[in-house]
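Below is one structure, written out as structure tokens; comments come after it.
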Amino acid sequence: MQKRPAILLSLTCLLLFPANLLGETIRPTVRYELLLPNPSDHLFHVNMTIFDVRGEVLVEMPAWNALYQIRDFSSRVQQVSAESDSKPVTAEKVDKQTWRLRAQGTVTVHYAIFWDSPGPFASQLNEEHAFINPAMVFFYVPNRRNEGVEVHFRQHPAGWRVESPIGVGEFQAGAGFFYTIIAPSYDALADSPIEMGPFKLFRISGVDPPVEVLVHGDNWKQAEIEDALRKICKSEIELMGGAPFKRYLFILHIGKAAQGAGGGMEHADGTAINVSSGQALSGLAAHEFFHLWNVKRIRPASLEPIDYTREQYTRALWFAEGVTSTYGNFTLVRSGIWSKQEFYADLAQDINELESRPANRWQSAEQSSLDAWLEKYPYYNGPDFSVSYYTKGQVLGLLLDILIRDRSDNQKSLDDVMRRMNDDFAKKTRFYRDSLDIRLTAEAVAGGSFADFFGNYVAQAEPLPYAEILSKAGLLLKQQEVTRPELGFAMERDASGKAIVRSVNSGSTADRAGLRAGDEIESWNGESVPRRVEGWLRNRKPGDILRLQIRRNEQASETSFAVGGRMEKIFVLDEDPSAARKAKAIREGLLRGTAAAAAAAAN
């Protein structure tokens, strides 16, 4: 990495800095100063200065961000005080997330907020680094959300740097450096995660506009990451006809730095991803990068404008998240990261996941989207209560793609739907009407009605005609008997988030190892307990060892046992050797992209 040259400016000049690093002219009306005097306390100290107050101002802390869950970040706030012209001002708390201040002129609010939670959906401060989702740390002024803001970073450990997708200014101040972020609005700041620490930063060669990678952690190789991300970024930018950003930033927490908190979170010009190793990155990166278009710019009207104070319901997550997963997998196979056998195996796993959940028989893709706010309740995620809009949407996206290709003789596809929605909505700063505009766009592309498909399989929970539609792409869906892994116990999280064993199957390997109902699981193979155990099991086989650190009656102990297995019938996917020429062309279109398939046919 080439070090950004220091800009020598006085502090007075800096506070009047009129533009951010992307060249936007901005006049901030709210300034934040972030101080980290003692990272081991896990307290972010914030001074929030509000200019031109006229009698009264409200400040609020968002109740949700990143996840579709009300998490009440204000519960972490402490030591709130305020002043104006060096005189104390009463900070009157109005409700759980709002404070009222009465003053004139310039008002400064002081507070601290506690965070030490790993993962892209939280914030963290410790001796090694700080990761900030700004909506979880910074108050906002409700009637000034569209006005410019700036953040100054002071009193952080020596050697720490600051980086964010929105761009960071670095200024020399005496013997050290002073960092600042300038954003056109609070919402823009909230959508720009911040990493602080001694990270590694490098640029992916061969990708334009620039894509940079920030890594905090171990168990990774730069060459492997560069190769995978180059393929992903180039493939998706080409698919969508160009990049919608001036600069993109991957923030990666890898290995021990991930602390077992896996996952990825999309942002307008970047993403934050936690993975156990660099080799585990590709799937998440392909999904999160495609969010640049689908959800961040091709965006449902039901999610706009953002309301940080309460639940914001939408029926379109099956498309915003699920179809993004469809394209994540398309990218992996079309770029050569996956073989077609890996693509087929993943699709079969999704079908098995859907068909193994009783809720799939009654919860539609739209209802699953609407009920996303229930995911914070552990029992809701069980197979009897819900089906994932990620999984159902991913399968629906592929089935819809096949139908479009079949109707158009493989001349049109879901790719064309995505590009048209990008043109009609994203580029015109318009928001689409949940499933309605998705259907209308698909119909315009394919030249026929999809009312039955959307009515039966998106709005309702009619059984998906997998075999019938997959056959149009020269694919056979069959069942075979296999031994599937099983834990031998069930667990749930209590009100404080602790993982508690709910029941243990009699005679299972977990039972024979001494695991008991009521045990608290503190660690899982040396890492945090996975959020979705089904996903963890998907990548395991019977006989794999599971090592649990448990607490029983205030006594800590460790137990380990082999993952058990059970015989069951599952779906598998294979190519149909007798498929018609049209079906084979559709299959190639799926695997290679319509343009690639057409070029191959021409040759």
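The values are calculated or read from the model by the stated rules, or taken from the named source; none is laboratory data. From a predicted model like this one, the values you see are computed outputs, not experimental measurements. Methodologically, a virtual Cβ is constructed for each residue, glycine included, from the backbone with ideal geometry; neighbour enumeration extends over all protein chains shown.
Screening the stretch 567-582 for residues that are hydrophobic (A, V, I, L, M, F, W, C) and assigned to a strand (DSSP E or B) and picking the one that is surrounded by the fewest Cβ atoms within 10 Å (Cβ to Cβ) gives M567. Taking the criterion of being touching a Ser or Thr at 6+ places or on another chain (Cβ under 8 Å) and touching a residue at least 60 places away in the same chain (Cβ under 8 Å), the residues of the stretch 50-75 that qualify are I50, L58, V59, E60, M61, P62, A63. Being in the same structural domain as G393 (by TED's automatic domain parsing), surrounded by 20 or more Cβ atoms within 10 Å (Cβ to Cβ) and at pLDDT 95 or above is the requirement here; does A451 meet it? The answer is no for A451.
Applying the condition of being within 24 Å of the chain's Cα centre (by Cα) and assigned to a loop (DSSP other than H, G, I, E, B) to the stretch 361-371 and asking which residue is nearest to A473 (Cα to Cα) yields S364.
For (1) touching a helix residue (DSSP H, G or I) at 6+ places or on another chain (Cβ under 7 Å); (2) under 22 Å from H129 (Cβ atoms); (3) surrounded by fewer than 18 Cβ atoms within 10 Å (Cβ to Cβ), each residue gets a yes or a no:
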residue	(1), (2), (3)
I166	yes, yes, no
F202	yes, yes, yes
G206	yes, no, yes
Q222	no, yes, yes
I254	yes, yes, no
A261	no, yes, no
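The rows are residues; the columns are (1) touching a strand residue (DSSP E or B) at 6+ places or on another chain (Cβ under 8 Å); (2) closer than 30 Å to A579 by Cβ.
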| site | (1), (2) |
| --- | --- |
| A451 | no, yes |
| L464 | no, yes |
| Q480 | yes, yes |
| F489 | yes, no |
| I521 | yes, no |
| E527 | no, no |
| P530 | yes, no |
| G535 | no, no |
| I545 | yes, no |
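Considering the stretch 68-114, the qualifying strands (runs of 3 or more DSSP E), each wholly inside and each with 2 or more residues that are β-branched (V, I, T) and outside the structural domain of G497 (by TED's automatic domain parsing), run over 77-84, 104-114.
Within the set T49, T12, T29, the sole residue that is at pLDDT below 95 and either assigned to a strand (DSSP E or B) or more than 27 Å from L249 (Cβ to Cβ) (or both) turns out to be T12. For the stretch 476-504, a tally of residues being within 24 Å of G543 (Cβ to Cβ) and either assigned to a strand (DSSP E or B) or without any contact (Cβ under 8 Å) to a residue 24 or more places away in the chain (or both) returns 15. The set of residues in the stretch 530-549 that are more than 18 Å from V482 (Cα to Cα), touching a residue at least 40 places away in the same chain (Cβ under 8 Å) and of a type in the set (A, V, I, L, M) comprises V533, L546.
Can you pull out the residues in the stretch 45-72 that are closer than 24 Å to S369 by Cβ and either surrounded by fewer than 20 Cβ atoms within 10 Å (Cβ to Cβ) or not polar (S, T, N, Q) (or both)?
P62, A63, W64, A66, L67, Y68, Q69, I70, R71, D72, listed by residue number.
Screening L470 on (1) touching a residue at least 24 places away in the same chain (Cβ under 8 Å); (2) out of contact with any Leu (no Cβ under 6 Å at 6 or more places or on another chain); (3) surrounded by 20 or more Cβ atoms within 10 Å (Cβ to Cβ) shows it passes everything except condition (2). Looking at the stretch 168-186, which of its residues are modelled with pLDDT of 95 or more and surrounded by fewer than 19 Cβ atoms within 10 Å (Cβ to Cβ)? S185, the sole residue that qualifies. Checking G514, G448 one by one, the residue that is in contact with a helix residue (DSSP H, G or I) (Cβ under 9 Å, 6 or more places away or on another chain) and either farther than 30 Å from D423 by Cβ or part of a loop (DSSP other than H, G, I, E, B) (or both) is G448 and no other. Selection over the stretch 371-388 of residues that are crowded, with 18+ Cβ neighbours inside 10 Å and either of a type in the set (G, A, S) or closer than 17 Å to Y457 by Cβ (or both) gives a count of 4.
Being surrounded by 15 or more Cβ atoms within 10 Å (Cβ to Cβ), modelled with pLDDT under 95, of a type outside the set (F, W, Y) and under 30 Å from the mean Cα position of the chain (by Cα): is that true of R484 here? Considered against the rule, which asks whether it is surrounded by 15 or more Cβ atoms within 10 Å (Cβ to Cβ), modelled with pLDDT under 95, of a type outside the set (F, W, Y) and under 30 Å from the mean Cα position of the chain (by Cα), R484 comes out as yes. Given (1) surrounded by fewer than 16 Cβ atoms within 10 Å (Cβ to Cβ); (2) modelled with pLDDT of 95 or more, where does Q155 come up short, assuming only one miss? Looking at each condition in turn, Q155 falls short on (2). Residues of the stretch 58-110 that are under 13 Å from F139 (Cβ atoms) and among the acidic types (D, E): E60 alone. Checked against (1) within 26 Å of R297 (Cα to Cα); (2) crowded, with 21+ Cβ neighbours inside 10 Å; (3) out of contact with any helix residue (DSSP H, G or I) (no Cβ under 9 Å at 6 or more places or on another chain), V162 meets all criteria but (1). Just one of the numbered conditions (1) under 29 Å from the mean Cα position of the chain (by Cα); (2) in the same structural domain as K541 (by TED's automatic domain parsing); (3) outside any loop (DSSP other than H, G, I, E, B) is not true of N456: (2).
Can you find even one residue in the stretch 125-142 that is part of a strand (DSSP E or B), under 14 Å from D41 (Cα atoms) and modelled with pLDDT of 95 or more? Yes, because at least one residue in the stretch 125-142 is part of a strand (DSSP E or B), under 14 Å from D41 (Cα atoms) and modelled with pLDDT of 95 or more. So which residues in the stretch 187-241 are closer than 30 Å to L303 by Cβ, in contact with a strand residue (DSSP E or B) (Cβ under 7 Å, 6 or more places away or on another chain) and part of a helix (DSSP H, G or I), if there are any at all? Across the stretch 187-241, the qualifying residues are L189, L229, C233. Would you confirm whether or not the stretch 472-492 contains a residue that is in the same structural domain as S325 (by TED's automatic domain parsing) and of a type in the set (S, T, Y)? No, the conditions are met nowhere in the stretch 472-492. Of the residues making up the stretch 426-440, those that are of a type outside the set (D, E) and surrounded by 20 or more Cβ atoms within 10 Å (Cβ to Cβ) are A426, Y432, S435, I438, R439.
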